[in-house]
Amino acid sequence: MALIKTSAQGLTADATNLVLLNTTTVSSATSSVDFDSSLITDTYKTYKMVVSDVVGATDSNTLCLRLSADNGSNITSSGYNRALALVNDGTSSNSIVTRGGDANQNNIFLAGDVSLASNVSTETMNCDVTLYGLRDTAFKKVVSITSYTTDTSRNAVGLFSGELQNSANINFVRILMSSGNITKGRFTLYGVKS
């Protein structure tokens, strides 16, 4: 996918092959940000989310994603497989590299090293998320994430992935903190033209 414009706030609406579907800005505490069946439709096979400047209400928690096949009436809270590779600049001159994976989890991580994820407004989580196969009944629901988390003196860059092995047509995406509310952030959803 070729891009023709980017900005400090993320991809602009006229980037090649991306169709802006929704932007939600959080400025006070909310439990989740949802993209429902009016946005997640058969029109697109792939969706892209740009998430920026997210701050949670509770220190040392990270941003997560869950899916639903019935427009949010029943959120899938198990069966997610996830993997990560994270580089954290640590507290000294040596970087800390973390890698791992977990099966049958209750969510997919979207951003950050939880040791950096903070409830301080200048310490934010940011991520670029691609969602594949949400509406395909013969395909695993796969999420690919690149994230950047920073606090006042350190930062971390991560590559995350997750999947839900489910044959349902997903039509609802929920973004939430692993614990507590989201107090700040910008969440933009795009459809990717085939």
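Before moving on, here are some points about what is shown:
- Listed conditions (1) closer than 19 Å to ASN81 by Cβ; (2) part of a strand (DSSP E or B); (3) at pLDDT below 90 are all met by LEU131, apart from (3).
- Neighbours by Cβ (under 7 Å, 6+ apart or cross-chain): first from the stretch 34-61, assigned to a loop (DSSP other than H, G, I, E, B) and among the polar types (S, T, N, Q); second modelled with pLDDT of 95 or more and open to solvent by less than 20 Å² (accessible area, probe 1.4 Å): SER37/PHE172; THR43/GLY191
- Within the stretch 47-75, being open to solvent by 30 Å² or more (accessible area, probe 1.4 Å) and in contact with a Phe, Trp or Tyr (Cβ under 6 Å, 6 or more places away or on another chain) holds for one residue alone: ASN71.
- Restricting the stretch 76-101 to residues that are of a type outside the set (Ser, Thr, Tyr) and at pLDDT 85 or above leaves a set whose member that is surrounded by the most Cβ atoms within 10 Å (Cβ to Cβ) is ARG82.
- Here VAL114 meets each of (1) assigned to a loop (DSSP other than H, G, I, E, B); (2) under 22 Å from LEU20 (Cα atoms); (3) of a type in the set (Val, Ile, Thr); (4) modelled with pLDDT under 95 with one exception, condition (2).
The values are calculated or read from the model by the stated rules, or taken from the named source; none is laboratory data. Remember, it's a predicted structure, so these values are computed and weren't measured experimentally. Positions of Cβ are backbone-derived with ideal geometry, glycine not excepted, and every protein chain shown enters the neighbour counts. Each accessible area value is taken on the protein alone, full model and side chains, heavy atoms only, with ligands, DNA and RNA left out. Shrake-Rupley method; radii C 1.70, N 1.55, O 1.52, S 1.80 Å.
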